[in-house]
Structure formats: C-alpha cells, structure tokens
1. Of everything in region A:79-124, what is aromatic (Phe, Trp, Tyr), within 8 Å of chain B (Cβ to nearest Cβ) and more than 16 Å from ligand 2 (Cβ to nearest atom)? Give them in sequence order.
2. Looking at (1) open to solvent by 80 Å² or more (accessible area, probe 1.4 Å); (2) at pLDDT below 85, which is the only condition residue A:221 fails?
3. Condition first: away from every other protein chain (no Cβ under 14 Å) and within 16 Å of ligand 2 (Cβ to nearest atom). Now tell me which residues in region A:125-157 satisfy that.
4. Here are the criteria: (1) at pLDDT below 95; (2) open to solvent by 50 Å² or more (accessible area, probe 1.4 Å). Tell me which single one residue A:62 does not satisfy.
5. Residues that are more than 10 Å from chain A (Cβ to nearest Cβ): list the helices (runs of 4 or more DSSP H) wholly contained in region B:154-248 that include at least 2 such residues.
6. Out of region A:47-56, which residues are within 14 Å of another protein chain (Cβ to nearest Cβ) and either touching a residue at least 24 places away in the same chain (Cβ under 8 Å) or not hydrophobic (A, V, I, L, M, F, W, C) (or both)?
7. So which pairs qualify, if the first residue must be in region B:248-265 and closer than 17 Å to residue B:222 by Cα, the second must be part of a helix (DSSP H, G or I) and open to solvent by 30 Å² or more (accessible area, probe 1.4 Å), the Cβ gap must be under 6 Å, and the two must be at least 6 apart or on different chains?
8. Within region A:166-174, is even one residue of a type outside the set (Phe, Trp, Tyr), farther than 18 Å from residue A:197 by Cβ, at pLDDT 90 or above and away from ligand 2 (no atom under 16 Å from the Cβ)?
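The values are calculated or read from the model by the stated rules, or taken from the named source; none is laboratory data. Computed from a predicted structure; not experimentally measured. Here the Cβ positions follow ideal geometry from the backbone for every residue, glycine too, while neighbour counts run over all protein chains shown. The area values use the complete protein model at the heavy-atom level, side chains included, leaving out ligands, DNA and RNA. Shrake-Rupley method; radii C 1.70, N 1.55, O 1.52, S 1.80 Å.
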Amino acid sequence: MLKVVEINNLTVQYPDVKALDDVSLVVNQGDFLGIIGPNGAGKSTLFASMLGLNTKYKGTIKFFDEDIKKSKNYLKELGYVPQKPIFEKNFPVTVTDVVRMGLRKESDENKIDEILQQLWIHELRDRRIGELSGGQQQRVFIAKALVNNPKILILDEPVTGIDQQSIDLFYSILRELNSKQKITIIWSSHDLDAVNKLANHVACLNRTLFFHGESETFFSDDELVKQYSEASMQEHMHHH
Amino acid sequence: MSLEILTFSFMHRALISGVTIAILCSVVGLFLVLRRYSLFGDAIAHSSFGGIALGLLAGIYPLWTAYAVSIASALVITKIKDKYNISGDASIAVLLSSGIAVGLVIIGLSGGFTIDIFSFLFGSILLVSVDDTVLVLALTGAILIVILLLYRQLLYSTFNEEQAKVSGVPVEKINYLIVFMAGITVVTSIQLVGVLLISALFVIPNVTAIMYGKGFKQTAIISMSFSVFSVVVGILVSYVFDITPAGTIVLIAIGLLAGTMGIKSAGLLSKN
Ligand SMILES: Nc1ncnc2c1ncn2[C@@H]1O[C@H](COP(=O)(O)OP(=O)(O)O)[C@@H](O)[C@H]1O
Ligand SMILES: [Mg+2]
C-alpha cells in the first residue's frame, strides 16, 4: 500500500505548553482517517505542522516519501479546509471568486462549475461569501479545496457551529469523495459517533497518540473507548 | 460651464494624469482597505513629506527623494511590524509621525522653505508637466500589469493568508509587493491631491464600491469608475469656480459615498 503521510516522533513545544509529544503516524492511500481528541489536544497543531504553517517542530513529516522541509511539491496534491475560515464579512468576493482562488491553473475554469454542482452550491455562485450560512460557506471552502483534484483532503473540525442538515449532507459528500474518487481524507473531530460512522481509521490524540488503527478495532473495544472518553474528560476539566 | 477649458493643454495633462492616478489609487487602495490597512496610504504620504524636505534641502528633485524615503520606510516598518508583532494600526502611527517629524526637523535646519512644500501638501494638478504625465502613465501601466499577472496571489493572500500559504502562494513576498506598490502609488499621486488628502482616493471609492455587494472584479471596476468620475468632475468644477482641486475631488467622492449609503438604506441594494 502506498504511504501518503508518514510522521515520525513529532513534538511541538509552544512557549507555555507542549502541544504534541512524540507523535508517530502513517496514513495510507485511500484511508479515511478520523483524528479525535478534545479541545486543546493538538489537532490543529498537527495539521499546521503537516501543512507547513508551523515549522518549529522536532521529528519528521513526510508526504509521498519526501520530507516536507525539503520540498513543498506535496501541497499541490493537497486540499485543506480550515477550522474557521477567517475573512471580513463584507469581503467583496463571490462563491465563484473564492473557489477560483484555489485553482492553480487558470485554464481549468470549467472545473469550477463542475465542482459547484457536485457540492450543491451552483445556484449560489454569484452570491457574496459573507451572505451565506455556515453550512453553505463550508461547502464553498470544500469546493475550493477540491478544485485542483487533490489526492489528499485535510479538514480541521469542519462541522463546528453548523446545522444538522448541513452536517448530514457534508458527511455524505465526504463519504463519496473517499469511496468513489479515492481521495485520502484526514479529518479531525471531537464527535466520536461521526468518526465511528464515517472513518475507516481512527487516531486518538491528546498531546500524545493514545490509539491509532482501524476504526473497527477501536469502536468494538469498549474498554478503549471508555479509557479514551475518561482521558479526554479529565483533560477537558483541566481546561475549564 | 464653457467647453473652452477642454482645449487648454495644461487641462489635457491634468485630466490624463488625474484619470490615471484615479485608476491606480482605487486598485491599489482596494487591497489595502481589505487588509484593514486603510491608513497605510496616509502614513506613506506623511513619510514622503520627510523625503520631500530632504530633497529640497539636498537640492535633489524632491519627487525622487520622496520615492526613495517612502518606499524604504514602508518596507522597513513592515519588516519591523512582522518581526516584533506590532499591530497594523500602531505601525501606521509610527510611520506617519516619524515622516512628519523628519520633515519638520529638516525644514527647521534649512531655515524654512514654504512654496514647494505647500504644493506638495495640497497637490498641483493644473501644474503637471509633460514629463510628470509620462511618468504617471508609465508607473501606472507597470503596476497594473503586475497586478493583473499576480491577481490570484494578491487576492488570495488578502482574503486569507494561511489558506493562501497552504495553496503555495508566497504570501510574505506578496505582502512586501503590495507595500512597495502602495509606496510608488502614493508618491506618484501626491501631485494630484497632495499629501494631506491622499488616503481619500485610496479609501473612499473602495468603501463605496464594496457596498454594492458584487464580486471582486466588479467591485474593482465600480471603484475605478467612481474614482475617475470624482477626479474628472473635481478638476473641471474646481477650475471653473476657482477652488482647490484636491478638496473638490474628495468632496465629490464623499458625495458618491453618501449617495450610495442613501440608496442602500432605502433598501435598493442587497443587504450584506
Ligand atoms: N500558536 C500557538 N502558540 C502557542 N500555543 C498554542 C498555539 N496554538 C495552539 N497552542 C496551544 O497548544 C495546545 C493545542 O492546541 P490546538 O492544536 O489548537 O488543539 P486542538 O485543535 O486539538 O483544539 C493548546 O493548549 C493551545 O492553547
Ligand atoms: Mg483545533
């Protein structure tokens, strides 16, 4: 099986806190990996390191067998949907404008229409991004991430603050991307049920990697799930 | 109004360079406004005051020293801002006040000169020479070409730096490029509206255009149209009534903004 991502002994030390401690992880082509962990577990930090946004880490991160400190080529194969896309509410861009930003080759304009249709936002294409609901905005950002036909899609807690109907639609889109288009998906969430339904691999993160393997193995082992829940509750109480 | 004024060649030069500067300021200004950097134009303009004073003192054509000092200080302040994590508005305040301070001290040292400084402060569009007009056209052409070529990178890094980085956009270089282009634009525009009113052309047409709820290119075109309209009508009206062109241009731009706000609150524009 082709290794898409290989992370070895990743440690990230912020001034006040060690966000990741000796995390090692392999993602194979076609995996649908759910990374679960409570707030502050280091999920966003892990992604920031993988995406080249945080370069102050110890250990190695490889994409397609190449160290990301040596080459940024892997970014071309990657689509990223951030936890909270920050932009001015009045920013004068339409849905089409936003998706076009993701497009590396301007010659692929008709790809934009195609992807908008696939994500059920075609009729919104001339609306300003700031006018849309959270669920619609999120689909726009997925469209932007997908417009270059990436091999890997990385999503950071993509359903925070979104209504249930949009969440269901969103999950069915993810499932289709993984099963039909064979896109490797790495997705963080603190919703155990959703990860159980969607992902075929699970990584439990809470500063260290607590479990990593097939999701069946994890969810069929009540003891593991219980341990995980307790560990994350404790961590949660620390934070409040 | 007599059409005779349109036959004067100084009026041709004023209108040509005025329209060019209007287009340039609205396009570069759009990026600054969207980056919450609206007053950056003003800060560069103030630092050019220091540059102008330096030129007058040293006997060099003040516009050249203004270019050098403004661009250099804009790039330096951007570097300092990033390195020491100073907020955008505070760094603007530092740039703005240090430019004026340098200018004032140099004027004091030289025993004071008044006439040239005055025209740089308030603009002298009707005195624009053929050389100035050619320079304005050339610089505007160059900047517009750069913007068209790097359109996606400029827009993307303005919209969201982090996502732009992940998409492989060299965000830091693009940021410096915008600062550099803003420096050139401001000093070039000084002849039109003067140091004091420069940020008006950067900001007002863009704030107006953004209210129309359109996409990026349309917003840029609406802004350019308002900017050009303000400058052309401002130059003609101010000549006929013998009032200051800079003030008139800005007042017309503000009139367009007020009109747009009126249309919007009457519910004729989509809310957003
Ligand atoms: N840029 C940063 N600088 C300093 N500390 C940070 C930074 N980003 C995150 N942290 C800290 O690192 C820990 C992990 O945060 P994060 O990766 O955002 O977790 P998650 O995404 O799982 O909620 C938290 O304690 C957080 O406060
Ligand atoms: Mg997070």
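1. Those that are aromatic (Phe, Trp, Tyr), within 8 Å of chain B (Cβ to nearest Cβ) and more than 16 Å from ligand 2 (Cβ to nearest atom): A:87, A:91.
2. (1)
3. A:157
4. (1)
5. Hits in region B:154-248: B:171-193, B:198-210, B:216-241.
6. Correct list: A:47, A:49, A:50, A:51, A:52, A:54, A:55.
7. Qualifying pairs under 6 Å: B:250/B:197; B:252/B:233; B:256/B:226.
8. Applying the first criterion (of a type outside the set (Phe, Trp, Tyr)) to region A:166-174 yields A:166-169, A:172-174.
Applying the additional criterion that residues be farther than 18 Å from residue A:197 by Cβ yields none.
The answer is no; no qualifying residue exists.
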